[in-house]
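The values are calculated or read from the model by the stated rules, or taken from the named source; none is laboratory data. If you're wondering where the values come from, they're calculated on a predicted model, not measured in any experiment. Using ideal geometry, Cβ is built from the backbone for each residue, glycine included, and neighbour counts are taken over all protein chains shown.
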Amino acid sequence: MSTNDQPAAPAKPVLAQPAAPGKPAAPSDQTAIIAKRWRAKRGSLIMALHEVQETYGYVPRDVALKLAPQIGVPVARIYEVLTFYNYFKTSAPGKFVVSVCTGTACHLKGSGDILANFSAQLGCKEGESTTDKLWHLQGVRCIGCCGIAPAVIVNGKVFGKLKPADVGDVIDKVLTADAAAAKV
Amino acid sequence: MTLVWPQPKTWNGKELPRILTRLFDVENGHTLAVAKQHGAYSTISKTLFDKSQFEIIQTVIESGLRGRGGAGFPTGMKWSFVPRNTGKPVYLVINADEGEPGTFKDRLCLTRDPHLLIEGMINTGYALGVRTAYVYIRGEMLPQIRALNDAIQEAYNAGLLGENIQGSGYSLDIYVHRGAGAYICGEETALINSLEGFKGQPRLKPPFPAVSGAFAAPTVVNNVETIMAVPYIVQHGAKAYRQWGTDKSPGSKLFSISGDVHKQGVYEVPLGMKYADFFDLAGGLKGEILGCIPGGSSAPVLDAKESMEATMDYECLAALKSMLGSGAVTPFNTTRDPVTILESIARFYAHESCGQCTPCREGTGYVNRILQKVAAGQGRDGDIELMKDLAESYEWTTICAFAPGAAWPVLSFIKKFRSHFDAYLAKNPQHAAGRDLKSLTPAAFM
């Protein structure tokens with residue numbers, strides 16, 4: 001095995017923002033581009049799936065099926081990887097994904113009550129989405145924000161040092177920021 | 001302007017080490033221009049390239065640097081295991097899959113000083129004859145991935161990576177590979193499987209990665225912090241590194257402190273410092289200490305007395321049957337409940353068991369479900385003994401160190417805080433009725 005099967009320069013950082021829900025994307029074109037980018041690089045299935053998820057917000061079944069022959073990996077291996085790793089989603093999440101850290105430090109500082117309050121105020125259980133698909137609530141493993149425990153991440157934005165009573169505020173802030181972004 | 005960082009310049013009249021954290025409070029220290037003003041990449045010169053590979057490995061062995069990811073294996077010795085002239089490439093893989101609950105040091109390193117990691121990778125790569133290196137980074141760490149990718153691009157543009165670095169004849173390429181949310185991928189052989197695009201389940205050792213790792217070639221897997229200490233050692237020598245720390249645990253280490261102290265954060269302190277002093281450095285304890293997790297959630301918990309007397313080095317913690325681990329320190333006070341702390345830790349390990357070995361997959365699940373019962377006031381006599389039995393059954397019977405890491409908190413919390421567990425059992429009026437094992441199956445919890 002030689003090192004020549006790697007390109008000389010690193011792949012451009014692939015960090016596309018998740019597509020906004022409802023934004024149309026042409027699955028076949030997009031899949032072909034992703035497959036082409038990663039096909040020749042050894043061990044890149046996970047990187048390719050990251051790009052799919054960044055494009056669609058999850059890994060749709062039809063995209064996975066199209067990707068398999070184009071990237072030269074059996075469908076079974078794609079699903080083996082998708083279902084092993086917690087980060088990959090096989091169904092569309094809510095518009096706002098609320099990740100409540102359940103790590104040791106956050107647990108100490110009352111993350112259980114934070115999770116319970118989100119569950120009550122959003123009206124959905126942990127690991128589930130609201131019926132309008134606007135919110136998805138999940139407990140996640142330590143996110144490394146132990147210094148500002150208890151911490152919650154909503155679509156990449158971190159809220160730290162929360163009290164159970166702050167949950168309503170967080171929900172309001174997310175909705176206000178979204179409304180403001182929609183106006184621009 | 002300086003960035004927010006809680007560590008004072010001096011403490012008790014003495015300077016604290018700044019080997020790893022030189023740029024932690026410097027604005028724009030993550031950029032090449034500012035980092036260079038502070039001496040970044042000064043080893044990428046005759047300092048490094050006039051030395052032989054053997055000399056560098058020897059210096060790192062003499063420095064006593066040990067792996068900072070958790071296991072504490074001597075770094076230079078790990079490097080010396082790599083066979084030479086096998087006809088296969090040697091890979092260097094940086095473990096940036098930081099996920100041990102309570103640990104948040106590497107993420108700060110990657111945003112505040114990514115160039116020190118790259119410089120360390122060039123030093124290490126040169127010493128080991130590496131042409132291609134990888135950084136395996138936790139998939140959720142988006143700001144860190146961006147910071148690292150930007151820094152790598154800057155280094156390429158400045159001729160510090162790629163072909164013929166600074167005219168030395170040495171060439172190195174670095175690739176960033178994202179993980180995807182699996183704690184087990186911090187285990188080096190699981191990490192290698194994940195790097196190859198497979199599900200991240202550990203491999204049976206031997207062969208060790210140094211002989212047959214990524215793509216069946218010799219591979220060295222080192223933690224971010226470990227490699228960030230290398231440039232200092234290459235530049236200043238083993239003796240300078242040994243001015244900090246103890247004889248057997250030399251140097252400085254990053255500690256992430258959370259829990260019941262006033263100033264949580266990441267600190268660089270000399271190994272061998274007393275935990276009691278470290279709590280003071282971190283603004284002091286809040287309330288009366290009940291115990292402390294000294295090195296991440298899998299490190300056996302210390303009781304109050306041990307916490308105040310222990311020192312932060314590999315040997316002291318080994319003597320206390322615990323470990324320094326990743327340097328995640330979580331003291332908790334008497335208002336906290338050890339039973340639900342363990343319940344939260346056990347739920348984590350049950351969720352993150354990769355499923356490969358039966359004792360771990362099933363055992364962590366049963367312990368988790370027993371603890372849920374106990375914490376809900378439905379504990380029965382014998383539950384505590386059953387948890388101990390289970391934890392002992394998976395402690396050393398599996399492929400990797402995940403299972404012992406999942407067993408130790410169970411065994412240590414029960415040992416140190418038994419009365420709290422007994423009090424929970426007493427809450428159940430039917431506690432004496434004994435346990436019907438069917439009530440603990442996964443189906444019973446659906």
Open item on the list: For the range B:14-34, give me the residue count where each residue is surrounded by 19 or more Cβ atoms within 10 Å (Cβ to Cβ), more than 19 Å from B:Ala151 (Cβ to Cβ) and over 24 Å from the mean Cα position of the chain (by Cα).
Closed with: 0
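Among A:Val75, A:Val52, A:Val97, which is the only one that is more than 10 Å from chain B (Cβ to nearest Cβ) and crowded, with 21+ Cβ neighbours inside 10 Å?
Exactly one of A:Val75, A:Val52, A:Val97 is more than 10 Å from chain B (Cβ to nearest Cβ) and crowded, with 21+ Cβ neighbours inside 10 Å, namely A:Val52.
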TODO: Mind listing whichever residues of the range A:117-146 are small (Gly, Ala, Ser), away from chain B (no Cβ under 12 Å) and either surrounded by 15 or more Cβ atoms within 10 Å (Cβ to Cβ) or over 17 Å from A:Val170 (Cα atoms) (or both)?
DONE: A:Ser119, A:Ser129
- [ ] Being at pLDDT 95 or above and over 30 Å from B:Thr330 (Cα atoms) is the filter here, so list the residues in the range B:84-111 that pass it.
- [x] B:Lys88, B:Pro89, B:Val90, B:Tyr91, B:Leu92
Open item on the list: Every residue in the range B:4-28 that is touching a His at 6+ places or on another chain (Cβ under 7 Å) and under 18 Å from B:Glu225 (Cβ atoms), please.
Closed with: B:Arg22, B:Leu23
- [ ] Taking B:Asn95 as meeting all but one of (1) surrounded by 15 or more Cβ atoms within 10 Å (Cβ to Cβ); (2) outside any helix (DSSP H, G or I); (3) within 14 Å of chain A (Cβ to nearest Cβ), write down the number of the exception.
- [x] (3)
TODO: Mind counting the residues in the range A:138-168 that are assigned to a loop (DSSP other than H, G, I, E, B) and among the polar types (S, T, N, Q)?
DONE: 1
- [ ] Return yes or no: is B:Val34 over 24 Å from B:Ile257 (Cα atoms), part of a helix (DSSP H, G or I), in contact with an Asp or Glu (Cβ under 9 Å, 6 or more places away or on another chain) and modelled with pLDDT of 95 or more?
- [x] yes
Task: Members of the range A:147-157 that are at the interface with chain B (Cβ under 10 Å from one of its Cβ atoms) and surrounded by fewer than 23 Cβ atoms within 10 Å (Cβ to Cβ) - done: A:Gly147, A:Ile148, A:Ile153, A:Gly156
TODO: Assess whether B:Ser297 counts as being surrounded by fewer than 24 Cβ atoms within 10 Å (Cβ to Cβ), closer than 19 Å to B:Glu395 by Cα, touching a strand residue (DSSP E or B) at 6+ places or on another chain (Cβ under 9 Å) and in contact (Cβ under 8 Å) with a residue 40 or more places away in the chain.
DONE: no
TODO: Look through the range B:256-279, keep the residues that are within 14 Å of chain A (Cβ to nearest Cβ) and assigned to a strand (DSSP E or B), and return whichever of them is farthest from B:Ala229 (Cα to Cα).
DONE: B:Val261
Task: Residues (closer than 19 Å to B:Ala238 by Cβ, among the polar types (S, T, N, Q) and over 24 Å from the mean Cα position of the chain (by Cα)) located in the range B:35-79 - done: B:Ser42, B:Thr43, B:Thr47, B:Ser52, B:Gln53, B:Gln58
- [ ] Please go through the range B:169-202 and pick out each residue that is touching a helix residue (DSSP H, G or I) at 6+ places or on another chain (Cβ under 8 Å), part of a loop (DSSP other than H, G, I, E, B) and closer than 20 Å to A:Leu82 by Cα.
- [x] B:Gly179, B:Ala180, B:Ala182, B:Glu187, B:Glu196, B:Gly197, B:Phe198, B:Lys199, B:Gly200, B:Gln201, B:Pro202
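Yes/no per residue for (1) in contact with a Leu (Cβ under 8 Å, 6 or more places away or on another chain); (2) away from every other protein chain (no Cβ under 12 Å):
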{"site": "B:Val329", "(1), (2)": "no, no"}
{"site": "B:Leu342", "(1), (2)": "yes, no"}
{"site": "B:Cys357", "(1), (2)": "no, yes"}
{"site": "B:Cys360", "(1), (2)": "no, yes"}
{"site": "B:Gly365", "(1), (2)": "no, yes"}
{"site": "B:Asn368", "(1), (2)": "no, yes"}
{"site": "B:Gly377", "(1), (2)": "no, yes"}
Task: Of all residues making up the range B:139-165, the number that are in contact (Cβ under 8 Å) with a residue 40 or more places away in the chain, within 7 Å of another protein chain (Cβ to nearest Cβ) and either in contact with an Asp or Glu (Cβ under 9 Å, 6 or more places away or on another chain) or assigned to a helix (DSSP H, G or I) (or both) - done: 1
Task: Residue that is surrounded by the fewest Cβ atoms within 10 Å (Cβ to Cβ), among those in the range B:59-86 that are touching a residue at least 40 places away in the same chain (Cβ under 8 Å) and of a type in the set (Phe, Trp, Tyr) - done: B:Phe81
- [ ] Test B:Pro404 against the stated conditions and say whether it is under 20 Å from B:Ser297 (Cβ atoms) and surrounded by fewer than 20 Cβ atoms within 10 Å (Cβ to Cβ).
- [x] yes
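Among helices (runs of 4 or more DSSP H) lying entirely in the range B:309-425, which contain 2 or more residues that are under 30 Å from B:Gly245 (Cα atoms) and assigned by TED's automatic domain parsing to the domain that holds B:Val266?
By residue number, B:314-319.
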Task: Selection status of B:Leu108, away from every other protein chain (no Cβ under 12 Å) and in a helix (DSSP H, G or I) - done: no
Open item on the list: Condition check: of a type in the set (A, V, I, L, M, F, W, C) and within 18 Å of A:Asp169 (Cα to Cα). Does A:Leu82 satisfy that?
Closed with: no
- [ ] Give the range B:316-330 a look and list any residue that's surrounded by fewer than 24 Cβ atoms within 10 Å (Cβ to Cβ) and within 18 Å of B:Glu100 (Cα to Cα), or say none.
- [x] B:Ser322, B:Met323
Task: Per-region count, the range B:206-245, residues part of a loop (DSSP other than H, G, I, E, B), among the hydrophobic types (A, V, I, L, M, F, W, C) and more than 14 Å from chain A (Cβ to nearest Cβ) - done: 5
